[in-house]
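Quick notes on the structure that follows.
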């Protein structure tokens, strides 16, 4: 009973940290892709604006889609007792690629191909980082 509760807590912590790692990767890639803008200001009002920008990134539809598909990957991994780092990295990467491709296709049809490619690459990188983070925290042990 205690071992099961511990595993559930470990999985929840791993999932939360994986989502945060993916968001941090997207925030790092934001200036290169132009998808999200993270302003650099020093006044209190502008820091508040930056905070709202990051909160906007947290609730952005593709990011939420990646988190949901990542959760599906975690559930599959836990049900099948998959412990391979390659499974987690590839599953989260595919989830991110699908979310980025769908969001680009639905919302950014007029985006130039080079920027669209950069957006998909940023999302796939975020998915890889999130999957690896989950594996580091919760995927390695039974």
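Observations, loosely collected:
- Search result, residues across the range 43-77 that are surrounded by fewer than 15 Cβ atoms within 10 Å (Cβ to Cβ), modelled with pLDDT of 70 or more and over 15 Å from residue 19 (Cβ atoms): 76
- All of 82, 5, 20 fail the test of being out of contact with any helix residue (DSSP H, G or I) (no Cβ under 6 Å at 6 or more places or on another chain), more than 19 Å from residue 133 (Cα to Cα) and at pLDDT 85 or above, apart from 5.
- Every listed requirement among (1) farther than 17 Å from residue 15 by Cβ; (2) modelled with pLDDT of 75 or more is met by residue 109 save one, (2).
- Taking each residue of the range 55-68 that is closer than 11 Å to residue 127 by Cα and looking for partners that are modelled with pLDDT under 75 and surrounded by 13 or more Cβ atoms within 10 Å (Cβ to Cβ) with beta-carbon atoms closer than 7 Å, six or more apart or interchain, yields 63/57.
- Residue 11 vs. criteria touching a helix residue (DSSP H, G or I) at 6+ places or on another chain (Cβ under 6 Å) and at pLDDT 65 or above: yes
The values are calculated or read from the model by the stated rules, or taken from the named source; none is laboratory data. The shown structure was predicted, so the numbers you read here are calculated from the model rather than taken from an experiment. Here Cβ is always computed from backbone atoms with ideal geometry, including for glycine, and neighbour counts include all displayed protein chains.
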